[in-house]
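Peer 1: Got a structure here, written out as structure tokens. Questions coming.
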Amino acid sequence: MEIATQILGVGSRVNHPAHGQGVVIRLHGAAYEVCFMTYGVKMVGKDYDGWEIIEAIPTEETITYTDAERSLMRILKNWSDISSKVELGDRWNNGVMILKPSDPSMKAKEIPLDSFFHKIVMVRDRLRVMEQRINSSKSLNAEEKVNLQQYITRVYGSLTTFNVFFKYKADHFVGEKS
């Protein structure tokens, strides 16, 4: 048995320390799709070296343009400030937020809700990028990553007030769950 240092082909048999024995059933750009006897189908990164190769089946790996495009889109989505389309709740369309000072001699400020909402979405997307950079950092140890992740979770919790603006619940901020 050998440690993974090669690209495995479909049909390769492996022994994973957590999932047990499995068989590679499909290749993706950066991962294997592996069917484990007790845990079902799981994705395992091609750079993973913590398993034993029981039987390596050679492969002639080819990546299609579509595979490369999907991978690039996933990378851009995860690591840039490019955001997916997030919709403002219908009841807020064309709405205005009015900031009225307590001093009656001062003028109130009106801010279009779609502009305010866009800024909230930008904050959310940048928090997600920060979260991914923390999780993938090689210079932070596990304890430091957990501590920073807890701060981000608390920030998400502080921003849950703005969930009322999102059209879909899947776009909401989620803080600590008790």
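Peer 1: One residue is enough: does region 156-169 have a residue meeting the conditions part of a helix (DSSP H, G or I), within 17 Å of the chain's Cα centre (by Cα) and of a type in the set (A, V, I, L, M, F, W, C)?
Peer 2: Narrowing region 156-169 to residues part of a helix (DSSP H, G or I): 156-165, 169.
Now restrict to residues that are within 17 Å of the chain's Cα centre (by Cα): 156, 169.
Next, only the ones that are of a type in the set (A, V, I, L, M, F, W, C) stay: none.
Within region 156-169 (the criterion being part of a helix (DSSP H, G or I), within 17 Å of the chain's Cα centre (by Cα) and of a type in the set (A, V, I, L, M, F, W, C)), the answer is no, since none of the residues qualifies.
Peer 1: Only residues in region 92-113 that are in the same structural domain as Lys167 (by TED's automatic domain parsing) and at positive phi count as the first member; pair them with residues that are surrounded by 10 or more Cβ atoms within 10 Å (Cβ to Cβ) and hydrophobic (A, V, I, L, M, F, W, C), Cβ under 9 angstrom, at least 6 apart or cross-chain, and list the lot.
Peer 2: Asn94/Leu113
Peer 1: To continue, here is another question. Please go through region 136-148 and give me each residue that is exposed (fewer than 13 other Cβ atoms within 10 Å of the Cβ), assigned to a helix (DSSP H, G or I) and not small (Gly, Ala, Ser), ordered by number.
Peer 2: Initial filter on region 136-148 (exposed (fewer than 13 other Cβ atoms within 10 Å of the Cβ)): 136-139, 141-144, 146-147.
Restricting the remaining residues to those that are assigned to a helix (DSSP H, G or I) gives 136, 142-144, 146-147.
Selection gives Glu143, Glu144, Val146, Asn147.
Peer 1: Is it the case that some residue within region 85-98 is loosely packed, with under 11 Cβ neighbours inside 10 Å, out of contact with any helix residue (DSSP H, G or I) (no Cβ under 7 Å at 6 or more places or on another chain) and at pLDDT below 85?
Peer 2: Residues of region 85-98 that are loosely packed, with under 11 Cβ neighbours inside 10 Å, as a first pass: 85, 90-91, 94, 98.
Now drop any that are not out of contact with any helix residue (DSSP H, G or I) (no Cβ under 7 Å at 6 or more places or on another chain), which leaves 85, 90-91, 94, 98.
Imposing the further condition that a residue be at pLDDT below 85 reduces the set to 85.
Yes: one or more hits.
Peer 1: Could I ask something else about it? Select from region 16-49 the residues that are touching a residue at least 40 places away in the same chain (Cβ under 8 Å) and farther than 16 Å from Ser71 by Cα and list them in ascending order.
Peer 2: Passing the criteria: Tyr48, Asp49.
Peer 1: Among the residues of region 137-156, count how many are polar (S, T, N, Q) and within 24 Å of Ala170 (Cα to Cα). Show your work before the answer.
Peer 2: In the first step, residues of region 137-156 are kept if they are polar (S, T, N, Q); the result is 137, 139, 141, 147, 149-150, 153.
Now narrow it down to the ones that are within 24 Å of Ala170 (Cα to Cα): 149-150, 153.
Result for region 137-156: 3.
The values are calculated or read from the model by the stated rules, or taken from the named source; none is laboratory data. These numbers come from a predicted model, not from an experiment. For neighbour counting, all protein chains shown are included, and Cβ atoms are generated from backbone atoms with ideal geometry for every residue, glycine included.
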